[in-house]
Ligand SMILES: Cc1cc2nc3c(=O)[nH]c(=O)nc-3n(C[C@H](O)[C@H](O)[C@H](O)COP(=O)(O)OP(=O)(O)OC[C@H]3O[C@@H](n4cnc5c(N)ncnc54)[C@H](O)[C@@H]3O)c2cc1C
């Protein structure tokens, strides 16, 4: 529990002491994210709350805040927009939530398409700004309107665009990250090239991101298209052909087994009762060819329309990636999800094995994405009916036994999720940059705190 003296010390770190928030309702709201997607995490995290929220506006303020927190052994949990799904931004041991939303300046977009910006910049704002100069994001989560760039790097993985550009960690998309360390004298360090992997998807456990260099891609004119097929098997075949076909320029290929689309109530007009659906963002110049190919394969086009940026209605991406799960939970609160990777060659056999064993307890929602080796694979965020933790774990075990990888989203630590690196770079970085284990404590469970550790000096 923080004391009044702790709070006063924090107030001295910021130019305006009003940016140290202690109102219980505000602190509770800013201590939350979308952890409740998981019935397991909901039980575990419902009562976790920070003592205070601090809203820095500059790297200098962050350096001062971290120095004070180090000295007083106060935990610090970074927060972007709080849209993470695994309770990443929920403080397990009280202390400070560091709300980075005010560090939202886009410094510049370079001529060769690199956005240089603060961590609090909303991805939607960055996408719109980039498009004004002929660029766009390579990949973004379906929460683009709210989510921050810093939070995407800290806790996200990929999304719309990943079918062509891979995940956030692939293909040099994150060029460089500036990070403040948690030491007696916090250092401002630049991670470039391979060194970005120390910090990417580390849930703010080994440094506070203060500036980002994010590679963009030339903007395209896109179109939206929805195709319905009588069966999931037919929809999967067609979507796979487009997703893996090198000649198709696409930003999104999402396939839903029925009855998942029955939850998409605001866009009933594109849904067909009992049919599987595919959502595409496709090069506008290829829309006619896509429709012809879909009809030829036995599909019914239920939407074919220009895409005019994030204001387009309906905005198909609002129903894809982990938004699909949100619509499903709205329809039936007993539903939750998994995050899976099916085999590019054995997926059909894997679907059958899971259906034979679990029937409609698992409903397929496929998100095609490019892996680091360049192959496009059927990633998936299946909707799953939750009964017990044992049953859910049994389903995960079955997936893994038949070669379907699972990044378990019902976990509240970096190691248990999907993007922990087997070379341990995130953990090793924590030893270097947060020796006392004060950054988002409890989220990197293999870390052993070193309370008496001497600060690493700048000369090292
Ligand atoms: C409906 C829905 C759909 C989603 N779809 C996707 C999707 O398509 N793809 C995807 O990848 N994710 C998805 N997510 C998860 C989440 O929205 C994204 O990962 C998003 O980018 C997180 O950004 P945020 O600003 O909300 O981060 P937060 O939730 O605030 O933070 C995420 C993590 O990053 C850390 N962090 C935040 N800022 C910093 C910083 N400056 N320095 C260090 N660490 C920091 C936090 O401590 C936390 O551990 C979805 C979530 C929901 C609820």
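The values are calculated or read from the model by the stated rules, or taken from the named source; none is laboratory data. Predicted, not measured: the structure shown is a model, and the values here were computed from it. Note that we place each Cβ from the backbone using ideal geometry, even for glycine, and neighbour counts take in every protein chain shown.
Quick notes on this one:
- Annotation: of all residues in region 39-56 being within 13 Å of the ligand (Cβ to nearest atom) and in a helix (DSSP H, G or I), the one that is nearest to residue 6 (Cα to Cα) is 45.
- Condition check for residue 424: within 28 Å of residue 179 (Cα to Cα) and buried (at least 18 other Cβ atoms within 10 Å of the Cβ): no
- When each of 33, 47 is tested for being within 23 Å of residue 417 (Cβ to Cβ), surrounded by fewer than 21 Cβ atoms within 10 Å (Cβ to Cβ) and modelled with pLDDT of 95 or more, the lone residue that passes is 47.
- Within region 325-348, considering residues that are assigned to a strand (DSSP E or B) and in contact with a helix residue (DSSP H, G or I) (Cβ under 9 Å, 6 or more places away or on another chain), the one surrounded by the fewest Cβ atoms within 10 Å (Cβ to Cβ): 335
- Qualifying residues in region 76-97 (those that are in a strand (DSSP E or B) and touching a helix residue (DSSP H, G or I) at 6+ places or on another chain (Cβ under 9 Å)) - the one farthest from the ligand (Cβ to nearest atom): 96
- Residue within region 131-141 that is near the ligand (Cβ under 7 Å from one of its atoms), farther than 22 Å from residue 427 by Cβ and modelled with pLDDT of 95 or more present: yes
- Qualifying residue in region 274-281 (condition: in a loop (DSSP other than H, G, I, E, B) and in contact (Cβ under 8 Å) with a residue 60 or more places away in the chain): no
- Note on region 235-250: residues that are touching a strand residue (DSSP E or B) at 6+ places or on another chain (Cβ under 7 Å) and surrounded by fewer than 19 Cβ atoms within 10 Å (Cβ to Cβ) total 2.
- Residues located in region 111-123, provided they are assigned to a loop (DSSP other than H, G, I, E, B), in contact with a strand residue (DSSP E or B) (Cβ under 7 Å, 6 or more places away or on another chain) and more than 9 Å from the ligand (Cβ to nearest atom): 113, 121
- Looking only at region 145-188, and only at residues there that are assigned to a loop (DSSP other than H, G, I, E, B), touching a helix residue (DSSP H, G or I) at 6+ places or on another chain (Cβ under 9 Å) and closer than 20 Å to residue 249 by Cβ, the one that is nearest to the ligand (Cβ to nearest atom): 159
- Some residue of region 207-230 being farther than 21 Å from residue 378 by Cβ, within 13 Å of the ligand (Cβ to nearest atom), in a loop (DSSP other than H, G, I, E, B) and in contact with a helix residue (DSSP H, G or I) (Cβ under 8 Å, 6 or more places away or on another chain): yes
- Verdict on residue 107 being over 22 Å from residue 318 (Cα atoms) and assigned to a loop (DSSP other than H, G, I, E, B): no
- Long-range neighbours under 9 Å by Cβ, at least six apart or interchain, first residue at pLDDT below 95 within region 324-338, second part of a helix (DSSP H, G or I): none
- Residue among 126, 66 that alone is surrounded by 24 or more Cβ atoms within 10 Å (Cβ to Cβ), more than 10 Å from the ligand (Cβ to nearest atom) and within 17 Å of the chain's Cα centre (by Cα): 126
- Checking each residue of region 19-38 against the condition of being assigned to a strand (DSSP E or B) and either within 24 Å of the chain's Cα centre (by Cα) or within 10 Å of the ligand (Cβ to nearest atom) (or both) gives no match.
- The single condition among (1) on the phi > 0 side of the Ramachandran plot; (2) more than 13 Å from the ligand (Cβ to nearest atom); (3) in contact with a strand residue (DSSP E or B) (Cβ under 8 Å, 6 or more places away or on another chain) that residue 73 does not satisfy is (3).
- Residue within region 395-402 that is over 21 Å from residue 274 (Cα atoms) and assigned to a loop (DSSP other than H, G, I, E, B) present: yes
- Filtering region 189-198 to residues that are in contact with a helix residue (DSSP H, G or I) (Cβ under 7 Å, 6 or more places away or on another chain), in contact (Cβ under 8 Å) with a residue 40 or more places away in the chain and within 13 Å of the ligand (Cβ to nearest atom) leaves only 198.
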